[in-house]
Every structure is written in C-alpha cells, then in structure tokens.
Amino acid sequence: MCRVLHRLAVVASIAAAALGLPGRSTAEPWPQRPVRLIVPIGAGVGSDIAARQFAERLAEIWKQPVVVENRPGAETLIGTVAFVNLHDDHTLLYSAAAPISLFPYVHEKLPYDPARDLVPIAQATDTFVMLAATQGLNVGSLSELVGFARAHPGTLNWASGGGALTYVLAGFAQSAGLDMLPVAYREQGRALQDLSAGRLHLMITVLATLQAQVAAGNVRLLAVVNKQRAPAAPGVPTVREAGFPEIEFDGMWGFFGPRGMSTELRDRIAADIATAAATPALAARLTAIGQIVHAGTAAEFAAAIEAQRAKVAAIVKITGINPMH
C-alpha cells in the first residue's frame with residue numbers, strides 16, 4: 001500500500017509540473033537558513049542604510065538572520081557580479097536598476113546576462129536625486145541655470161554622483177544645447193568639496209550627499225530629478241515642474257533574486273518586503289536621509305526598470321557615448 005501511495009504521489013507531482021501547477025517544493029518554508037543580502041556599495045551611505053533597515057525587519061518576518069554584505073566598486077558592478085556568481089537561492093541583491101537598465105549600454109561586455117541572471121523581486125525605495133549649484137554661481141532655479149549656461153557657453157563645469165546620473169545630465173545638456181564641461185572625479189567627496197568651494201559649478205547626486213553643505217549655505221538645490229518632491233526638501237521643485245521633464249529620472253533601489261527563482265517565491269518575498277516597508281519607523285528613517293519607501297510587486301518593478309532602460313538607451317544615443325572596455 002505504501003508503495004502504491006508513493007507512486008501516486010510521484011505521478012501527481014509530474015502531472016502538476018506538466019500543467020504548470022505549483023509543485024510540492026513551493027510549499028516548503030523559505031528561508032530555511034540565514035539570508036545573505038549583497039549591497040554593491042560601501043557601508044554607511046544612504047542606500048546601505050536603507051538595506052540594513054529592510055534587513056532588520058525582514059529578519060523579524062522570516063525568523064532567520066539577514067546578513068548585509070557590502071561589495072562596493074566599479075559603480076556597483078563588482079557586487080552585482082559577485083551576487084550572480086554565487087548561484088544561491090538564499091542570497092539576494094539590493095541594488096539600483098543600473099545592472100539591467102544602464103550597464104548593457106555603457107559596457108562593451110558584461111560577465112552576466114542582465115535579462116536572465118537578475119530577477120526583479122520588488123522595488124524598496126526611491127532615492128531622491130538633486131541638481132545642485134555652488135552658492136557663488138548665483139542662479140536660483142533650473143531655468144536661470146539654462147539661461148546662464150546659454151549666455152556663457154563653455155564657462156560652467158559639472159560632475160555627477162556616478163552611474164546613470166552622469167548620462168542623465170550629459171543628455172540634458174546636449175538636448176538643451178548647453179556647452180558645459182563634465183569633470184570626472186574618482187571620489188564623490190572631492191567633487192562635493194569643490195562644489196562647496198566654487199571650483200565646481202554644478203553637481204547631480206543624491207540628496208543625502210548634499211544635505212550638510214546645503215545647511216551650511218555653500219550649495220543651493222535647484223531641482224529634484226525624481227517624479228515627486230522630496231519630503232526632506234519640500235520647497236525644491238521637480239524638473240518637470242521647472243519645465244524640463246526630459247531630465248526626470250527616479251533613483252530606484254530594490255531587491256533582486258538569482259536566476260531560476262520561482263515566481264511563487266519571488267512574489268512571497270515581494271509581499272514580505274511590502275510588509276517591512278509599511279513599518280512607520282523605517283519610513284521615518286529613510287525620509288530623514290532623502291529617500292522614501294516605494295514597495296510594490298515584481299511586475300511593477302520590472303516595468304519600471306524597463307522604462308528606465310528605454311530612457312537610458314535614448315540618452316546614450318543622443319550623447320553618442322561609446323561603451324567602456
């Protein structure tokens with residue numbers, strides 16, 4: 001009798017798989033051991049803080065430790081590759097959308113497949129991005145900046161916080177007919193020092209990086225690059241409100257799973273992320289550092305990444321930027 005029941009169970013499992021129905025494995029609890037969360041930036045910065053806030057709350061939900069592991073370098077590429085190479089169903093990646101939306105256009109070759117090796121699970125936050133000017137430039141709005149730049153071609157210089165932001169501002173300058181000089185920095189801290197001292201005129205970067213210098217009166221915020229205003233800087237208009245929607249770009253950060261992650265598990269984790277995001281203390285902590293929680297479904301996250309990918313493709317085409325080797 002036991003042998004017959006076993007055979008019936010096997011047949012049922014095979015039939016369920018053939019029909020695309022949930023198999024027995026989907027009912028197994030997850031996680032069954034500690035979860036590793038790879039964050040491809042250094043410790044202590046805004047998105048790392050967000051990752052650790054989510055890790056604490058997910059650990060409570062999952063009843064397992066969630067260990068944050070920083071793998072910074074190469075504008076998040078090093079951490080992304082480390083995650084892909086692990087092939088571990090108990091390791092997640094907390095990252096911006098750049099490994100899918102940006103890197104295929106600015107790297108000639110990638111050591112991973114963006115379409116298959118990174119499974120979007122859920123967005124977690126929007127990081128607010130600002131266009132800021134040194135106080136001495138004496139421009140108070142984005143339209144004033146554009147007017148000044150057109151009247152003084154080749155006079156202004158600018159830098160970015162890296163990643164897609166470089167291409168966003170380069171594309172905007174070219175489409176608006178602004179002759180401004182981009183300046184490359186190895187360290188964002190040095191760029192911020194030069195911006196505060198007036199040696200650098202403009203910078204596009206996350207709000208958290210700029211807050212101290214804004215408070216000191218050295219830097220002026222001209223516009224929010226995101227779709228909505230930042231709660232931590234409510235008086236600063238969005239670029240769309242300022243009349244320049246073409247520069248609009250959201251700083252999405254979220255969770256990714258490894259290749260082959262089941263739809264059922266992906267959706268289960270997305271639901272847990274939404275539960276964690278609903279914690280008032282988490283929302284308050286992120287608002288203070290220039291972010292907001294923005295949890296949703298896997299489908300919504302994938303669609304937002306695709307929209308960003310299309311925008312990056314258009315920017316790269318406009319600027320004619322060649323892939324990096």
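Laboratory data are not the source of any read-out in this text; all were calculated from the coordinates shown. Computed from a predicted structure; not experimentally measured. A quick note on method: Cβ atoms are made from the backbone with ideal geometry, for glycine too, and the neighbour counts reach across all protein chains shown.
Before moving on, here are some points about what is shown:
- With Rh defined as the Kirkwood radius, the inverse of the mean 1/r over Cα pairs, the Rg/Rh of the chain is 1.05.
- Sum of -39500 (n - 2.57) over DSSP H runs of 4+, divided by residues of the chain (222 nm, nearest 500): -13000 deg cm²/dmol
- For region 129-247, the dipole from Cβ point charges (+1 on Lys and Arg, -1 on Asp and Glu) about the Cα centre works out to 140 debye, to the nearest 20.
- Ranking of His152, His294, His107, His201 by neighbouring Cβ atoms within 10 Å, starting from the fewest: His152, His107, His294, His201.
- Amide H contacts under 5 Å for Gly296, placed H, 5+ residues apart: Gln123
- All Cα-Cα separations within region 157-204 were binned at 5 Å from zero, giving a P(r) of 5, 23, 33, 23, 12, 3, each value a whole percent of the pairs.
- Highest mobility in the GNM of the chain, judged by mean-square fluctuation with C-alpha springs under 10 Å and restricted to Met203, Met261, Met130, is found for Met261.
- Charge dipole (the chain, unit charges on Cβ, about Cα centre) - positive-most of Ala96, Met180, Gln135: Ala96
- Rounded Å value of the spacing that divides the Cα centres of region 89-125 and region 238-305: 14 Å
- Computed over region 129-247: relative contact order in percent, which uses C-alpha pairs under 8 Å that are six or more apart: 38 percent
- Residue-by-residue Karplus 3J(HN,Hα) for region 81-91, coefficients 6.51, -1.76, 1.60, Hz, glycine and proline x: 5, 4, 4, 4, 6, 6, 6, 10, 6, 10, 10
- For Ala242, residues with placed amide H under 5 Å, excluding near neighbours: none
- Our summary of shape: the Cα atoms of region 259-306 have principal axis extents of 36, 22, 15 Å, ordered from largest down, in whole angstrom.
- Rounded to the nearest 10 degrees, the angle from helix 263-277 to the longest Cα principal axis of the chain is 50 degrees.
- Region 24-99, relative contact order [Cα under 8 Å, separation at least 6], %: 41 percent
- On Cα atoms only, tilt of 164-175 relative to the major axis of the chain in degrees: 50 degrees
- In units of the rule-of-thumb radius 2.2 N^0.38 Å, region 129-247 shows an alpha carbon radius of gyration of 0.94.
- The mean sequence distance of close C-alpha pairs (under 8 Å, at least 6 residues apart), as a share of the length of the chain, puts its relative contact order at 25 percent.
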